[in-house]
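The values are calculated or read from the model by the stated rules, or taken from the named source; none is laboratory data. Remember, it's a predicted structure, so these values are computed and weren't measured experimentally. In this analysis, Cβ positions are derived from the backbone assuming ideal geometry, glycine residues included, and neighbour counts consider all displayed protein chains.
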Amino acid sequence: MARTLITGGKVIDPATNTVVDADIAIIGDLIAEIGPKLSKLPAEKVIDAGGCLVTPGLIDPHVHLREPGNERAETIASGTAAAAAGGFTSVCCMPNTTPALDTDTMVHFVLARAEQTASCRVFPVAAVSKGRHGQELAELFLMAKAGAVGFTDDGDCIASAGLMARALAAVKATGKVLMQHCQEPTMTRGGVMHAGEISARLDLGGWPRAAEELIIERDVRLNRSVGCAYHAQHISSGGSIDIIRQARKAGMPVTGEATPHHLLLTCDLIETSRYDTRYKMNPPLREASDIAALKEGIADGTITVLGTDHAPHTHESKDVPFDSASFGIIGFETALALYAKALVDDNVIGWSRMIDMMTWQPAKLCGLDRKGLGRLGVGGPADITIIDPTEKWTITEECLVGQSRNTPFMGTAVQGRAVGVVVGGKVKLNRRG
(Lines give C-alpha, C1' and ligand atoms only; values in the text may rest on other atoms or scores of the structure.)
Protein backbone atom coordinates (compact mmCIF):
# COMPACT_ATOMS: atom_id res chain seq x y z
CA MET A 1 0.00 0.00 0.00
CA ALA A 2 1.06 3.57 -0.71
CA ARG A 3 2.87 5.36 2.11
CA THR A 4 2.72 9.13 2.65
CA LEU A 5 4.67 11.15 5.21
CA ILE A 6 3.73 14.57 6.56
CA THR A 7 6.80 15.99 8.22
CA GLY A 8 7.85 18.91 10.39
CA GLY A 9 4.41 20.20 11.42
CA LYS A 10 2.70 21.05 14.70
CA VAL A 11 0.07 18.35 15.14
CA ILE A 12 -3.20 19.48 16.75
CA ASP A 13 -5.72 16.86 17.88
CA PRO A 14 -8.65 18.60 19.60
CA ALA A 15 -10.22 15.28 20.58
CA THR A 16 -7.35 14.67 23.01
CA ASN A 17 -6.40 18.32 23.52
CA THR A 18 -2.95 17.53 22.12
CA VAL A 19 -0.55 19.95 20.46
CA VAL A 20 2.83 18.43 19.63
CA ASP A 21 5.63 18.74 17.08
CA ALA A 22 5.46 15.47 15.16
CA ASP A 23 5.38 13.73 11.81
CA ILE A 24 2.47 11.63 10.56
CA ALA A 25 2.85 8.43 8.56
CA ILE A 26 -0.05 7.29 6.40
CA ILE A 27 -0.36 3.80 4.96
CA GLY A 28 -3.26 3.25 2.61
CA ASP A 29 -6.23 5.18 3.94
CA LEU A 30 -5.24 5.09 7.63
CA ILE A 31 -2.88 6.93 9.95
CA ALA A 32 -0.11 4.43 10.74
CA GLU A 33 2.04 6.43 13.13
CA ILE A 34 2.34 9.83 14.78
CA GLY A 35 5.66 10.79 16.32
CA PRO A 36 9.05 12.45 15.92
CA LYS A 37 11.64 11.65 13.27
CA LEU A 38 9.35 9.58 11.05
CA SER A 39 10.92 11.45 8.13
CA LYS A 40 13.64 8.80 8.04
CA LEU A 41 11.13 6.19 6.96
CA PRO A 42 10.69 5.47 3.22
CA ALA A 43 7.60 6.94 1.56
CA GLU A 44 6.21 7.41 -1.93
CA LYS A 45 5.05 10.93 -1.04
CA VAL A 46 6.51 13.38 1.47
CA ILE A 47 4.72 16.62 2.34
CA ASP A 48 6.82 19.22 4.12
CA ALA A 49 4.64 20.80 6.82
CA GLY A 50 7.36 22.93 8.35
CA GLY A 51 5.88 26.01 10.01
CA CYS A 52 2.37 24.62 9.56
CA LEU A 53 -0.45 23.27 11.70
CA VAL A 54 -1.36 19.66 10.95
CA THR A 55 -4.98 19.11 11.96
CA PRO A 56 -7.85 16.72 11.48
CA GLY A 57 -9.55 17.33 8.17
CA LEU A 58 -11.87 20.32 8.42
CA ILE A 59 -15.57 19.43 8.58
CA ASP A 60 -18.33 21.75 7.39
CA PRO A 61 -21.73 20.80 8.84
CA HIS A 62 -23.75 23.26 6.76
CA VAL A 63 -23.30 23.44 2.98
CA HIS A 64 -25.41 23.66 -0.16
CA LEU A 65 -24.20 21.61 -3.11
CA ARG A 66 -27.30 22.37 -5.25
CA GLU A 67 -27.40 18.93 -6.90
CA PRO A 68 -29.94 17.81 -7.90
CA GLY A 69 -31.89 20.64 -9.47
CA ASN A 70 -29.63 23.68 -9.64
CA GLU A 71 -26.44 22.41 -11.22
CA ARG A 72 -25.79 25.76 -12.92
CA ALA A 73 -24.90 27.18 -9.50
CA GLU A 74 -22.98 24.17 -8.14
CA THR A 75 -22.65 20.41 -8.36
CA ILE A 76 -21.38 17.83 -5.95
CA ALA A 77 -18.21 17.65 -8.04
CA SER A 78 -17.56 21.41 -8.22
CA GLY A 79 -18.64 22.06 -4.64
CA THR A 80 -16.43 19.41 -3.12
CA ALA A 81 -13.49 20.56 -5.28
CA ALA A 82 -13.97 24.02 -3.74
CA ALA A 83 -14.27 22.45 -0.29
CA ALA A 84 -10.98 20.60 -0.68
CA ALA A 85 -9.32 23.77 -1.93
CA GLY A 86 -10.42 25.46 1.29
CA GLY A 87 -9.13 22.69 3.54
CA PHE A 88 -12.32 20.68 4.08
CA THR A 89 -12.28 16.88 3.97
CA SER A 90 -15.95 16.34 4.92
CA VAL A 91 -19.09 18.34 4.19
CA CYS A 92 -22.70 17.86 5.28
CA CYS A 93 -25.06 18.93 2.50
CA MET A 94 -28.47 20.50 3.06
CA PRO A 95 -31.71 19.09 1.63
CA ASN A 96 -33.08 22.20 -0.15
CA THR A 97 -32.49 20.70 -3.58
CA THR A 98 -35.01 19.97 -6.34
CA PRO A 99 -36.39 17.51 -5.51
CA ALA A 100 -35.73 17.82 -1.80
CA LEU A 101 -33.65 15.22 0.01
CA ASP A 102 -36.74 13.85 1.72
CA THR A 103 -36.61 10.12 0.93
CA ASP A 104 -34.10 7.32 1.37
CA THR A 105 -33.86 7.17 -2.43
CA MET A 106 -32.65 10.78 -2.53
CA VAL A 107 -30.14 10.13 0.24
CA HIS A 108 -28.79 7.18 -1.74
CA PHE A 109 -28.62 9.38 -4.85
CA VAL A 110 -26.41 11.97 -3.13
CA LEU A 111 -24.14 9.32 -1.67
CA ALA A 112 -23.80 7.61 -5.06
CA ARG A 113 -23.02 10.89 -6.85
CA ALA A 114 -20.47 11.73 -4.19
CA GLU A 115 -18.83 8.34 -4.58
CA GLN A 116 -18.51 9.01 -8.31
CA THR A 117 -17.52 12.68 -8.39
CA ALA A 118 -16.60 14.15 -5.00
CA SER A 119 -13.18 15.43 -3.95
CA CYS A 120 -14.02 15.00 -0.26
CA ARG A 121 -16.47 13.06 1.89
CA VAL A 122 -20.15 14.04 1.56
CA PHE A 123 -22.76 13.35 4.23
CA PRO A 124 -26.41 14.19 3.49
CA VAL A 125 -28.55 16.05 6.01
CA ALA A 126 -32.11 15.04 5.10
CA ALA A 127 -35.37 16.98 5.25
CA VAL A 128 -37.54 16.87 8.35
CA SER A 129 -40.79 17.29 6.42
CA LYS A 130 -41.98 15.93 3.10
CA GLY A 131 -40.99 18.32 0.36
CA ARG A 132 -39.72 20.65 3.11
CA HIS A 133 -43.29 21.97 3.22
CA GLY A 134 -43.52 21.86 7.01
CA GLN A 135 -46.76 19.88 7.06
CA GLU A 136 -45.95 16.18 7.39
CA LEU A 137 -42.89 14.36 8.72
CA ALA A 138 -40.71 12.67 6.13
CA GLU A 139 -39.59 9.05 6.54
CA LEU A 140 -36.86 9.90 9.05
CA PHE A 141 -35.96 6.35 10.07
CA LEU A 142 -35.53 5.19 6.48
CA MET A 143 -33.32 8.18 5.67
CA ALA A 144 -31.24 7.67 8.81
CA LYS A 145 -30.73 4.04 7.80
CA ALA A 146 -29.77 5.17 4.28
CA GLY A 147 -27.00 7.41 5.66
CA ALA A 148 -28.49 10.77 6.64
CA VAL A 149 -26.40 12.25 9.47
CA GLY A 150 -29.05 14.73 10.63
CA PHE A 151 -32.30 16.40 9.71
CA THR A 152 -33.34 19.95 8.81
CA ASP A 153 -35.68 21.85 6.52
CA ASP A 154 -32.88 24.38 6.04
CA GLY A 155 -33.88 27.23 3.80
CA ASP A 156 -37.20 27.09 5.62
CA CYS A 157 -38.05 27.00 9.29
CA ILE A 158 -40.09 24.24 10.89
CA ALA A 159 -42.69 26.83 11.80
CA SER A 160 -45.45 24.62 13.20
CA ALA A 161 -44.99 23.99 16.91
CA GLY A 162 -46.97 20.78 16.61
CA LEU A 163 -44.82 19.42 13.80
CA MET A 164 -41.67 20.51 15.62
CA ALA A 165 -42.71 18.64 18.76
CA ARG A 166 -43.26 15.46 16.72
CA ALA A 167 -40.00 16.01 14.83
CA LEU A 168 -37.96 16.34 18.03
CA ALA A 169 -39.32 13.03 19.33
CA ALA A 170 -38.82 11.26 16.00
CA VAL A 171 -35.30 12.56 15.42
CA LYS A 172 -34.36 11.70 19.03
CA ALA A 173 -35.36 8.10 18.27
CA THR A 174 -33.01 8.00 15.27
CA GLY A 175 -30.06 9.15 17.39
CA LYS A 176 -29.36 12.00 14.96
CA VAL A 177 -29.40 15.79 15.33
CA LEU A 178 -32.20 18.14 14.38
CA MET A 179 -30.85 21.34 12.81
CA GLN A 180 -33.22 24.30 12.76
CA HIS A 181 -33.31 27.21 10.33
CA CYS A 182 -34.52 29.75 12.90
CA GLN A 183 -36.86 32.09 11.05
CA GLU A 184 -40.41 32.78 12.18
CA PRO A 185 -42.06 33.14 8.75
CA THR A 186 -44.89 35.55 9.59
CA MET A 187 -42.34 38.05 10.92
CA THR A 188 -40.03 37.85 7.91
CA ARG A 189 -42.44 37.86 4.98
CA GLY A 190 -40.95 40.37 2.54
CA GLY A 191 -37.89 40.82 4.76
CA VAL A 192 -34.60 41.15 2.90
CA MET A 193 -32.29 42.80 5.45
CA HIS A 194 -31.99 43.56 9.18
CA ALA A 195 -34.96 45.52 10.47
CA GLY A 196 -33.89 48.94 11.68
CA GLU A 197 -33.16 52.50 10.70
CA ILE A 198 -31.22 51.51 7.58
CA SER A 199 -33.93 49.21 6.20
CA ALA A 200 -36.48 51.98 6.77
CA ARG A 201 -34.26 54.53 5.06
CA LEU A 202 -33.62 52.23 2.09
CA ASP A 203 -37.29 51.21 1.90
CA LEU A 204 -36.35 47.53 2.10
CA GLY A 205 -38.35 44.91 3.98
CA GLY A 206 -37.08 44.45 7.53
CA TRP A 207 -36.16 41.13 9.17
CA PRO A 208 -36.15 41.49 12.98
CA ARG A 209 -33.87 39.71 15.44
CA ALA A 210 -36.95 38.41 17.26
CA ALA A 211 -37.83 36.21 14.27
CA GLU A 212 -34.75 34.14 15.05
CA GLU A 213 -34.89 34.37 18.83
CA LEU A 214 -38.54 33.33 19.14
CA ILE A 215 -37.97 30.10 17.22
CA ILE A 216 -34.95 29.10 19.29
CA GLU A 217 -36.78 29.91 22.52
CA ARG A 218 -39.86 27.95 21.42
CA ASP A 219 -37.80 24.95 20.32
CA VAL A 220 -35.80 24.87 23.54
CA ARG A 221 -39.06 24.81 25.51
CA LEU A 222 -40.52 22.04 23.31
CA ASN A 223 -37.35 20.02 23.69
CA ARG A 224 -37.15 20.13 27.48
CA SER A 225 -39.07 16.90 27.92
CA VAL A 226 -37.62 15.25 24.81
CA GLY A 227 -33.86 15.81 24.94
CA CYS A 228 -33.21 15.60 21.21
CA ALA A 229 -29.86 16.89 19.99
CA TYR A 230 -30.85 20.36 18.73
CA HIS A 231 -28.67 22.67 16.66
CA ALA A 232 -29.44 26.30 15.80
CA GLN A 233 -27.98 27.02 12.38
CA HIS A 234 -26.22 30.22 11.22
CA ILE A 235 -26.97 32.40 14.25
CA SER A 236 -27.16 36.12 13.45
CA SER A 237 -28.79 37.76 16.47
CA GLY A 238 -26.91 38.56 19.65
CA GLY A 239 -30.11 37.84 21.56
CA SER A 240 -30.01 34.21 20.43
CA ILE A 241 -26.76 33.68 22.28
CA ASP A 242 -28.23 34.13 25.74
CA ILE A 243 -31.11 31.74 24.97
CA ILE A 244 -28.65 29.03 23.94
CA ARG A 245 -26.34 29.86 26.83
CA GLN A 246 -29.10 29.37 29.37
CA ALA A 247 -30.26 26.13 27.73
CA ARG A 248 -26.74 24.72 27.83
CA LYS A 249 -26.29 25.75 31.45
CA ALA A 250 -29.47 23.81 32.19
CA GLY A 251 -27.86 20.72 30.67
CA MET A 252 -29.91 20.64 27.49
CA PRO A 253 -28.35 19.15 24.30
CA VAL A 254 -28.41 22.47 22.44
CA THR A 255 -25.66 23.75 20.16
CA GLY A 256 -25.24 26.80 17.97
CA GLU A 257 -23.32 27.65 14.82
CA ALA A 258 -21.61 30.80 13.59
CA THR A 259 -20.65 31.73 10.03
CA PRO A 260 -17.82 34.01 8.83
CA HIS A 261 -20.04 36.68 7.28
CA HIS A 262 -22.06 37.17 10.45
CA LEU A 263 -18.81 37.78 12.34
CA LEU A 264 -17.29 40.25 9.90
CA LEU A 265 -20.03 42.16 8.06
CA THR A 266 -22.80 44.52 9.17
CA CYS A 267 -26.04 45.65 7.57
CA ASP A 268 -24.80 49.20 6.90
CA LEU A 269 -22.71 47.77 4.04
CA ILE A 270 -25.90 47.36 2.05
CA GLU A 271 -26.31 51.12 2.09
CA THR A 272 -22.67 52.08 1.56
CA SER A 273 -22.30 49.56 -1.28
CA ARG A 274 -25.41 50.96 -3.02
CA TYR A 275 -27.53 47.80 -2.67
CA ASP A 276 -24.80 45.28 -3.56
CA THR A 277 -26.70 41.99 -3.54
CA ARG A 278 -23.62 40.07 -2.42
CA TYR A 279 -24.49 41.39 1.06
CA LYS A 280 -27.93 39.79 0.96
CA MET A 281 -27.85 36.87 3.40
CA ASN A 282 -30.27 34.54 5.13
CA PRO A 283 -30.36 35.28 8.01
CA PRO A 284 -29.44 38.90 7.28
CA LEU A 285 -26.33 40.76 8.30
CA ARG A 286 -27.00 42.64 11.51
CA GLU A 287 -25.19 45.23 13.65
CA ALA A 288 -21.86 45.54 15.44
CA SER A 289 -23.53 44.72 18.76
CA ASP A 290 -24.63 41.37 17.34
CA ILE A 291 -21.09 40.59 16.21
CA ALA A 292 -19.81 41.40 19.69
CA ALA A 293 -22.37 39.06 21.27
CA LEU A 294 -21.56 36.28 18.79
CA LYS A 295 -17.86 36.59 19.57
CA GLU A 296 -18.58 36.53 23.28
CA GLY A 297 -20.65 33.38 22.73
CA ILE A 298 -17.74 31.77 20.91
CA ALA A 299 -15.25 32.81 23.56
CA ASP A 300 -17.30 31.37 26.44
CA GLY A 301 -18.23 28.15 24.62
CA THR A 302 -21.90 28.90 24.01
CA ILE A 303 -21.33 28.54 20.27
CA THR A 304 -19.38 25.35 19.61
CA VAL A 305 -19.49 24.95 15.83
CA LEU A 306 -18.20 27.00 12.90
CA GLY A 307 -19.79 26.40 9.50
CA THR A 308 -19.85 28.19 6.16
CA ASP A 309 -23.46 27.97 4.96
CA HIS A 310 -21.81 27.77 1.52
CA ALA A 311 -24.63 28.97 -0.74
CA PRO A 312 -23.61 29.29 -4.39
CA HIS A 313 -25.77 31.19 -6.87
CA THR A 314 -25.56 32.03 -10.54
CA HIS A 315 -24.57 35.54 -11.54
CA GLU A 316 -28.06 36.10 -12.97
CA SER A 317 -29.78 35.39 -9.65
CA LYS A 318 -27.71 38.07 -7.93
CA ASP A 319 -27.62 40.62 -10.76
CA VAL A 320 -31.14 41.89 -10.06
CA PRO A 321 -32.68 44.47 -7.69
CA PHE A 322 -31.80 43.82 -4.05
CA ASP A 323 -35.24 42.70 -2.90
CA SER A 324 -35.44 40.20 -5.80
CA ALA A 325 -31.94 38.74 -5.46
CA SER A 326 -31.17 35.31 -4.04
CA PHE A 327 -29.95 35.06 -0.45
CA GLY A 328 -26.52 33.67 0.26
CA ILE A 329 -22.75 33.66 -0.06
CA ILE A 330 -20.12 31.10 -1.04
CA GLY A 331 -17.73 30.08 1.70
CA PHE A 332 -15.57 27.02 1.08
CA GLU A 333 -12.38 28.62 -0.21
CA THR A 334 -12.50 31.63 2.12
CA ALA A 335 -13.87 30.37 5.46
CA LEU A 336 -10.61 29.35 7.15
CA ALA A 337 -8.89 32.69 6.53
CA LEU A 338 -12.01 34.70 7.36
CA TYR A 339 -12.49 32.87 10.64
CA ALA A 340 -8.84 33.55 11.46
CA LYS A 341 -9.47 37.22 10.69
CA ALA A 342 -12.61 37.41 12.83
CA LEU A 343 -11.53 35.26 15.76
CA VAL A 344 -7.77 34.74 15.98
CA ASP A 345 -6.69 38.20 14.83
CA ASP A 346 -9.27 39.74 17.16
CA ASN A 347 -8.01 37.64 20.11
CA VAL A 348 -11.40 35.94 20.63
CA ILE A 349 -9.91 32.43 20.54
CA GLY A 350 -6.63 30.86 19.40
CA TRP A 351 -5.90 28.52 16.53
CA SER A 352 -6.31 25.33 18.59
CA ARG A 353 -9.81 26.26 19.69
CA MET A 354 -10.76 27.38 16.20
CA ILE A 355 -9.58 24.04 14.81
CA ASP A 356 -11.67 22.25 17.45
CA MET A 357 -14.75 24.19 16.30
CA MET A 358 -14.07 23.23 12.67
CA THR A 359 -13.25 19.55 13.24
CA TRP A 360 -14.07 17.71 16.46
CA GLN A 361 -17.19 19.68 17.39
CA PRO A 362 -18.94 19.31 14.00
CA ALA A 363 -17.85 15.65 13.95
CA LYS A 364 -19.63 15.06 17.27
CA LEU A 365 -22.64 17.07 16.12
CA CYS A 366 -23.21 14.88 13.07
CA GLY A 367 -22.03 11.57 14.49
CA LEU A 368 -18.92 11.55 12.32
CA ASP A 369 -16.77 11.00 15.41
CA ARG A 370 -18.09 7.43 15.37
CA LYS A 371 -16.42 7.06 11.98
CA GLY A 372 -13.12 8.28 13.42
CA LEU A 373 -13.41 11.69 11.76
CA GLY A 374 -12.62 15.01 13.41
CA ARG A 375 -9.53 13.71 15.18
CA LEU A 376 -6.01 12.43 14.53
CA GLY A 377 -5.32 8.96 15.89
CA VAL A 378 -3.24 5.95 14.94
CA GLY A 379 -5.49 3.49 13.14
CA GLY A 380 -7.99 6.22 12.30
CA PRO A 381 -8.89 7.56 8.85
CA ALA A 382 -6.20 9.66 7.21
CA ASP A 383 -8.28 12.83 6.78
CA ILE A 384 -5.82 15.64 7.40
CA THR A 385 -5.57 19.37 6.74
CA ILE A 386 -2.27 21.23 6.72
CA ILE A 387 -2.58 24.95 7.47
CA ASP A 388 -0.01 27.69 7.09
CA PRO A 389 -1.21 30.28 9.61
CA THR A 390 1.24 32.88 8.30
CA GLU A 391 0.46 32.79 4.59
CA LYS A 392 -0.86 36.13 3.40
CA TRP A 393 -3.10 36.19 0.34
CA THR A 394 -5.90 38.15 -1.26
CA ILE A 395 -9.29 36.71 -2.11
CA THR A 396 -9.74 36.98 -5.88
CA GLU A 397 -11.78 35.16 -8.51
CA GLU A 398 -8.65 33.18 -9.42
CA CYS A 399 -8.68 31.66 -5.92
CA LEU A 400 -12.19 30.29 -6.30
CA VAL A 401 -12.60 26.73 -7.54
CA GLY A 402 -16.39 26.32 -7.37
CA GLN A 403 -18.83 27.42 -10.05
CA SER A 404 -20.13 30.55 -8.31
CA ARG A 405 -18.56 33.86 -7.34
CA ASN A 406 -21.15 35.40 -5.01
CA THR A 407 -19.00 36.79 -2.21
CA PRO A 408 -18.51 40.37 -1.00
CA PHE A 409 -15.04 39.46 0.27
CA MET A 410 -13.47 39.81 -3.18
CA GLY A 411 -10.26 41.82 -2.82
CA THR A 412 -9.98 41.21 0.94
CA ALA A 413 -6.46 40.67 2.27
CA VAL A 414 -6.34 37.69 4.64
CA GLN A 415 -3.83 35.51 6.45
CA GLY A 416 -3.92 31.75 6.99
CA ARG A 417 -4.53 29.11 4.35
CA ALA A 418 -4.89 25.39 3.84
CA VAL A 419 -1.78 24.27 1.96
CA GLY A 420 -2.40 20.53 2.10
CA VAL A 421 -5.42 18.22 2.24
CA VAL A 422 -5.50 14.45 2.54
CA VAL A 423 -8.81 12.57 2.28
CA GLY A 424 -8.79 8.86 3.08
CA GLY A 425 -5.04 8.76 2.51
CA LYS A 426 -5.27 10.46 -0.90
CA VAL A 427 -3.57 13.83 -1.35
CA LYS A 428 -6.20 16.22 -2.71
CA LEU A 429 -4.24 19.45 -2.24
CA ASN A 430 -0.53 20.17 -1.89
CA ARG A 431 0.49 23.78 -2.26
CA ARG A 432 3.92 22.87 -0.90
CA GLY A 433 5.10 21.05 -3.98
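The table for this structure:
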{"read-out": "Inter-residue pairs, beta-carbon under 8 Å, first farther than 19 Å from residue 427 by Cβ and in segment 114-125, second among the acidic types (Asp, Glu), 6+ apart", "value": "125/154"}
{"read-out": "Unmet requirement for residue 66, which otherwise passes all of (1) outside the structural domain of residue 156 (by TED's automatic domain parsing); (2) assigned to a loop (DSSP other than H, G, I, E, B); (3) under 26 Å from the mean Cα position of the chain (by Cα)", "value": "(1)"}
{"read-out": "Qualifying residue in segment 404-424 (condition: on the phi > 0 side of the Ramachandran plot and assigned to a strand (DSSP E or B))", "value": "yes"}
{"read-out": "Verdict on residue 120 being of a type outside the set (S, T, N, Q) and either under 20 Å from residue 215 (Cβ atoms) or at pLDDT below 95 (or both)", "value": "no"}
{"read-out": "Test result for residue 130, of a type in the set (Lys, Arg), in contact (Cβ under 8 Å) with a residue 24 or more places away in the chain and under 24 Å from residue 159 (Cα atoms)", "value": "yes"}
{"read-out": "Test: residue in segment 283-291 that is of a type in the set (Val, Ile, Thr) and in contact with a Pro (Cβ under 8 Å, 6 or more places away or on another chain)", "value": "no"}
{"read-out": "Residue within segment 307-327 that is in contact (Cβ under 8 Å) with a residue 12 or more places away in the chain and basic (Lys, Arg) present", "value": "yes"}
{"read-out": "Residues being without any contact (Cβ under 8 Å) to a residue 24 or more places away in the chain and not basic (Lys, Arg) - total across segment 336-387", "value": "3"}
{"read-out": "Criterion violated by residue 342 - all others in (1) out of contact with any strand residue (DSSP E or B) (no Cβ under 6 Å at 6 or more places or on another chain); (2) closer than 17 Å to residue 59 by Cβ satisfied", "value": "(2)"}
{"read-out": "Considering residues of segment 227-283 that are of a type in the set (S, T, N, Q), within 21 Å of the chain's Cα centre (by Cα) and not in a helix (DSSP H, G or I) only, the residue nearest to residue 94 (Cα to Cα)", "value": "233"}
{"read-out": "Residues that are surrounded by fewer than 24 Cβ atoms within 10 Å (Cβ to Cβ) and touching a helix residue (DSSP H, G or I) at 6+ places or on another chain (Cβ under 9 Å), drawn from segment 268-278", "value": "268, 269, 271, 273, 275, 276, 277, 278"}
